[in-house]
1. Tell me whether region A:201-346 comes out rounded, prolate or oblate; compute the Cα gyration tensor, take square roots of the eigenvalues as a ≥ b ≥ c, and use a/c under 1.5 as the rounded threshold.
2. Where a ≥ b ≥ c are the square roots of the eigenvalues of the C-alpha gyration tensor, would you call region A:474-616 rounded, which needs a/c under 1.5, or, failing that, prolate if a/b is larger than b/c, or oblate?
3. May I ask you to list the lysines whose Cα is less than 18 Å away from that of A:Lys78, ignoring any residue fewer than eight positions away on the same chain?
4. Using alpha carbon coordinates only, what is the Rg to Rh ratio of region A:66-188, with Rh defined as the Kirkwood radius?
5. Would you kindly derive the ³J(HN,Hα) couplings of region B:25-35 from the backbone phi angles with the Karplus curve 6.51 cos²θ - 1.76 cosθ + 1.60 (θ = phi - 60°), listing them in order in whole Hz, with x for Gly and Pro?
6. Step through the residues of region A:231-236 one at a time and calculate ³J(HN,Hα) from phi using the Karplus curve (6.51 cos²θ - 1.76 cosθ + 1.60, θ = phi - 60°), rounding each to whole Hz and writing x for Gly and Pro.
7. From the square roots a ≥ b ≥ c of the eigenvalues of the alpha-carbon gyration tensor of chain A, which class results: rounded (a/c under 1.5), prolate (a/b over b/c), or oblate?
8. For region B:10-75, what relative contact order do you get, as a whole percent, if you take Cα pairs closer than 8 Å and at least 6 residues apart?
Protein chains: 2
Amino acid sequence: MANNFVSFTNVDLTDGFFKNRYELNKNVSIISVKNQFEKSGRFNAMRFNYHKTGKAPHIYYDSDVAKWIEAVAYLLLKDRKSMKEEEAFCDALIDAMAMAQRDDGYLNSTHQQMTPDLIFKDRSRHELYCAGHLIEAAIEYHKATGKDKFLKMMEKYCDLIERAFIIEKTAAFVTPGHEEIELALFKLYEHTKNEKYRKMATFFLKMRGIANEPMVRGDNRYYAQDDTDIYNLKEANGHSVRALYLYSAIADLALLENDEKLKENLNTVLDDILYKKMYVTGGLGSTHTTESFTKAYDLPNKTAYSESCCAIAMILFAARMRRLEKNSKYGSVSERVLYNSLLSSTSLDGKSFFYENPLEIALEEYAREVATPEKQRERLPITERVEVFNCSCCPPNINRFFAQLGSFIVFEEKNSLCIEQYISCNAKTAFGTLNIKEDYSTLGKATISCSNYLSDKISIRIPEWSENPKAYLDGAEISINNIDGYADITVKNTFELVLDFGISAKFISSNPSVRANAGRVALTYGPTVYCLEMKDNGNRLNQISIDTVEAENAITLTEDFHGIYSISAPAYRLKPQKALYYLSNADSTEKITAKFIPYYAFANRGKSDMLVWVRKK
Amino acid sequence: MANNFVSFTNVDLTDGFFKNRYELNKNVSIISVKNQFEKSGRFNAMRFNYHKTGKAPHIYYDSDVAKWIEAVAYLLLKDRKSMKEEEAFCDALIDAMAMAQRDDGYLNSTHQQMTPDLIFKDRSRHELYCAGHLIEAAIEYHKATGKDKFLKMMEKYCDLIERAFIIEKTAAFVTPGHEEIELALFKLYEHTKNEKYRKMATFFLKMRGIANEPMVRGDNRYYAQDDTDIYNLKEANGHSVRALYLYSAIADLALLENDEKLKENLNTVLDDILYKKMYVTGGLGSTHTTESFTKAYDLPNKTAYSESCCAIAMILFAARMRRLEKNSKYGSVSERVLYNSLLSSTSLDGKSFFYENPLEIALEEYAREVATPEKQRERLPITERVEVFNCSCCPPNINRFFAQLGSFIVFEEKNSLCIEQYISCNAKTAFGTLNIKEDYSTLGKATISCSNYLSDKISIRIPEWSENPKAYLDGAEISINNIDGYADITVKNTFELVLDFGISAKFISSNPSVRANAGRVALTYGPTVYCLEMKDNGNRLNQISIDTVEAENAITLTEDFHGIYSISAPAYRLKPQKALYYLSNADSTEKITAKFIPYYAFANRGKSDMLVWVRKK
């Protein structure tokens, strides 16, 4: 009895929308991040040799490096031969770490080299976060190579953590600032079956909101997800990535303990996100100041944080929830994130990245303050992707995500398979080898076939956006019984199921409580959210408005730069006026053709104004 | 040959819209500011006794006190008897200042008591700004009381300033950070006829943009109005109050030197403001970071700076421009400022003040960031007026402005009078005593009469908003020849001129280049800009939209709290929805009656959401 996604190790992506992204990640992004990490001194820091680059390590460096190693491990698992150079590179890195690891098991490049006095003393210093990512990397590296050196190092480190935090309680805190260790310990338990790690993870989770330890460095309990214990979660609060890592670990616990109350709790916070705190792109986090969720319906566009790491965290969390129960909202939100706020994180050439993914850019506002010294200016997100950040959590997280993308497509239920995402692949499953072939984001279609299927039904997730899905089984149309976003189809041992979800351009509105979007609409085409860019439409995009009914009936889809599909639609633009203020009956518009591009493709042609939520005429 | 406004000393306000404000200023605001200045240690600082309050003086304290003395002087000039207590208070204060003034003439409470080493060393420390305000106060106090002690102190101070800045050049700069000394020196010249002060003022003006001295404390040349010399002004840049004080002093110079080139230059910057950088309320300054103008059409509403001092500075500047030439734009902008961004500065009870006058408040945004420590939160203007600020330039500036309000109503031209503002008053002029009686902001009407008029014509400014002005001379309708915003009316020695400007509710639009206001309208009623408040309309004011034609034809005007007139109009509100995102064809609205109040009256009933620019349906 599986009740889990088919692992990427058994899934080969085939030609299609995401295969390109997978290859780009493997061949360009991972190498680009590697080069940047060498240049920025991250690898040397981890080799305990930071003097060579001359840059002091930062408290999150170990996690950056660990996520990159984890990404390499996933690729080694799929194709060890092609990644020989990276394997040797990792081996050497691991050797250096082994040399540096303290006799008591401690391993942290910043604390050992820079601030040994602060070891386990300050919950805000990312120690257990770094440890968690190192543990995840070690597990995957062991799986991929069979080499257990790194894994054993981490097990030794875990012994120390258990002593310091749980047995002897010499550590100054029990609720680490940035969650991650909890996830990692559950994974280590799953990999080693050693109950100790499960207990440790459970300990950290159950201390949260209970320990009442002092907040440091301006943290507050909301920011730190320390305002309530894990059994009383009411709404999504605080640092959004940390929150979702916490929820993911709680989902692991709920599965292990078969805890209905925890599952309900997690659905409460997830619903709070889905119905009140999520950008239409699936982006999460409305403010940069603490990279946090804010209040319900507070979704400002220009200052949207929508961190790339949080897009990944959302998919990791949703996948865990899917193991807890079959509910189409998990696949739906994953699809929304995948095609929008996650894809937007990376440039179309794979070389550069966004940390934040805003939903509006007005370049004029970036240059508004002639008289203001640079440092005092209003803080707005960057307008073009860059190769590395000072705090560079997102790029290697993107690396490791795309390397394991295959793990989010096909779900093995007790008696059959369930298709969660329409991504072209061959998936080796307990019920036979399944083939998915899609034209999903362009034509809204997918074909699922199998020649040795060991069940009599297959379950498919019906996309939220599909109003009238059609299915053709072995050439004949069949009816679809859409029950809460899923349909079960009775199939034979050999079958070909053609799905046509009826894609079309649709303008959508936001809940009227979203102040920023009142009177505005966003163009969607199947799973993809579209936006306007200055490059295509001139600046001052707020001058453009849409008659949604007219526009939906008159769109043109065109293959465009980098193979993306742009959409042209009739629109209206306010005509220029001379006066600063004038009687409103003098307003006049001219008819234009507005050109929309997928949100994920914005900022790939230089700096540009951009707008997702366009005025409704 | 006058060519000047009739001075407030010859103008008695009579019952009407502004008489109340004048009395409130005299009887409440000035006393309120006095009490706050005593409490905050400002007066003790100026008595060189700051230890008594225990608060170190700040570099702008002297100017706060000076503006308050200036306000008292204006009131003494009108009604010396009723202000005896304040006169004695000022005398004692002046005695204390005299005791503290250095033998060389220097007088500055902060520098003498706190930072003597920095005297005349740092252009950013407001020394000459404070000196300028003290000079203005001394002049007015001399005019009001005949006592010349304060004036002589200031003349001695000016001797030192001349030596240090012009003759011996021992001062470290020649372009003071915050303009004001220039204005004050021209006023001192006008009062004493001593050419020295005119030359000093001219010197400081002509050094600007020329001296190329180092900027300090993060100032840059734009911020400091030091990016160009005064003969090459192209656009309004930098700190908006400083800029307008500079432009005002340049206007004084242009008048004294009859310099057409300077006048043209000033019109260039004024037009840049009027056609590209002014809020509909007449507010100026689009960013708090440097209290500055930003780029053309950049007029964000929630973060509008629109400093109260700048409203005053705009009227002072416009009045000087009116002396340079007859152009209705000067009176128009003064009216816009007067009824909106200036009136909004003070609570309807006269006790508290705004420094910033935003055009939108969404209280939810003030509480948005649960997880963010207070200090890191996004910076937004305060939502209720307060009695005193740490930097409290605005309240005493408001005091001194309303005390001299009579000086901006009637202009004496060479051969006749010109009515610039419709404010009820009796004005003793060179052409006889004129009476103005208005119902201007409510009925759009005013009656001008005189029984001993010594000219055969009177000039009236036609308000910008008046589409079809009507005039009735001695009971009979006459035609109005509106030439560039003025009409000359032929009158007899005794006349009664009834003007009906045809007031009505009008929705106005912003230039389409104003990003913040695309698709939005503001309700105006004659000179008054209106707004929505949560108190009357519920929160999330962005849910409300207006069919402007329908609304303009169906308004109701009602006397409301504090005697203001509110306007009710049909409007539409988006109906609640459950989903966060939904197909836009499911948008629906319900008809409501929206209640607008004058912008100047916002935030008089507790904290509230507020919106000037409402969505156009």
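1. oblate
2. On the way: a/c = 2.78, a/b = 2.11, b/c = 1.32.
Cα axes put region A:474-616 in the prolate bin.
3. Filter leaves A:Lys19, A:Lys26, A:Lys67, A:Lys143, A:Lys147, A:Lys428.
4. Expressed as Rg/Rh, it is 0.99.
5. 4, 5, 8, 10, 4, 5, 6, 4, 5, 4, 4
6. 8, 10, 5, 10, 8, 6
7. Oblate, because a/c is 1.5 or more while a/b does not exceed b/c.
8. Details: 38 pairs, mean separation 17.4, N = 66.
Relative contact order for region B:10-75 comes out at 26 percent.
Read-outs: derived from the displayed coordinates by stated rules, not from any lab. For clarity, every value in this text was computed on a predicted model and none was experimentally measured. Please note: Cβ atoms are built from the backbone with ideal geometry, for glycine as well, and neighbour counts cover all protein chains shown.
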